[in-house]
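Read-outs throughout are calculated quantities, based only on the coordinates presented, and are distinct from any laboratory measurement. Nothing here was measured: the structure is a model prediction, and the numbers come from that model. Note: ideal-geometry Cβ built from the backbone for every residue, glycine included; neighbour counts use all protein chains shown.
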Amino acid sequence: MTVESRPIPIHGPVFAADPQLVYERLRRHGATAPVEIGPGVEALLVTDYQAALDLLRDTDTFSKDSRLWRHELPPDSPLMPMLGYRPTALFSDGETHARYRAVITDALALFEPHRLQRQVAETAHRLIDRFAAVGQADLIAEYARQLPAFALTTWFGVPEEQHAEMVAAITGLIESTERAGAAYAKLLAVVTAMVAERRERPRHDLTSWYVTHPVGLDDDEVIRQITLTLIAGHEPTTNLIGNALLRLLTDARYAGSLFGGAMTAHQAIDEVLWHAPPMANFSAHYPRYDITFHGREIEAGTLMLVSYAAANSQAAPPAEDNAVRSGESAHLAWSAGPHVCPARDPALLIAITAIEQLGSRLSDLELAVSAEELLWRPGPFHRALLRLPVRFQPVGG
């Protein structure tokens, strides 16, 4: 078996079209493999399930602080919004991480499930009303991308007129294209203005909660934790909804069961989390010193990413060809260790509710193009449809 000597790209349309084929090539290197995440930017990608767990749980050997990275990104690099150091829970360790994370987890605990479900359901119906009489829609742009945004912007108190700008900014920065830096700057500008206003006049919203939390974050720390929460709460949830809808619309085992209720929605979401996790490759870590990790010599400060998608596909339990598996088991879509995603429960609730409400309103949804014609958004980090065009019998009007 030939092992490729040069790093294998995990960005661009070739990778986006068939990432599993690329992961198969990467596994020839063992538990870790050299990859290119952008032009001239290399990393090691962990593709082995056990190795991923070992890395995610070992805070003594590995740090999340990207200032340890041996490679220095230029300030205008499109990867900077996702990998450049900022004082947030994502880039910190130990007590600093615990301090930042406490603010986020305490804020997410305020998402009362019944209230959040009711809000998402009401928003879903308003969005469906916009295209129900037309007989066709793009379920990414017109539905999956809008629902998490409405929930987050409502809870954070984002002015309604800035909703579209914020959604565009979050989407733009995670794609790691030349527009990523400008997109992140726009997001920062919106949040900075909100934080300044809440310092003067607190309200009953999550922005004010971050500002007044007992740990006493300064303005920059508040701004950074809010932007992190918005990015982590919106983009993966959008992709989770879109990827689950695609599975329901195309997988013969579900055959028309998009309209079967919460359990069906949960099954589809579970399978997506195993096989097409919305954040496919992330969890940037850096060895604090030279190490030997699962047979590879790795220098201190090397960027190591975890492939949730590759690790999951290696460890996924077998399923019958005609069966739908349920139960989350031990997939890594939410990561693991001290940096496990704190937004799991609200994200699942939003996604399941979104699918339920769509199925309850439009009972004959079908793809408007063949599944092979669908395009996936390029980028090293996410697994995200560009569009999900559907057609159905128009209703209402």
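At 10 °C and 1.306 mPa s, grab the translational diffusion coefficient of the range 67-204 from Stokes-Einstein with a Kirkwood Rh over Cα pairs, rounded to a whole number in µm² per second.
For the chosen part, D equals 91 µm²/s.
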Please work out the FRET efficiency for the pair ASP18 and ARG126, using the Cβ-Cβ distance as r and a Förster radius of 51 Å; give the result to the nearest 0.05. 0.90
For a label point 7 angstrom out from the Cα of ASP60 toward its Cβ, which stretches of the range 291-318 have the backbone nitrogen within less than 17 Å? 291-294
Hydrodynamic calc, the chain: Kirkwood Rh from Cα pairs, then Stokes-Einstein at 37 °C with viscosity 0.692 mPa s, so D in µm² s⁻¹ is 151 µm²/s
Axial C-alpha extent at least 30 Å, average Kyte-Doolittle at least 0.0 - helices from the chain (DSSP): 180-200, 219-250
Total charge of the residues flanking VAL195 in space, meaning their Cβ is under 14 Å from its Cβ, with Lys and Arg +1 and Asp and Glu -1, is -2
Student exercise, the range 8-391 dipole from Lys, Arg, Asp, Glu Cβ charges, in Debye to nearest 20: 320 debye
Could you tell me the distance between the Cα centroids of the range 138-175 and the range 2-69, to the nearest Å? 30 Å
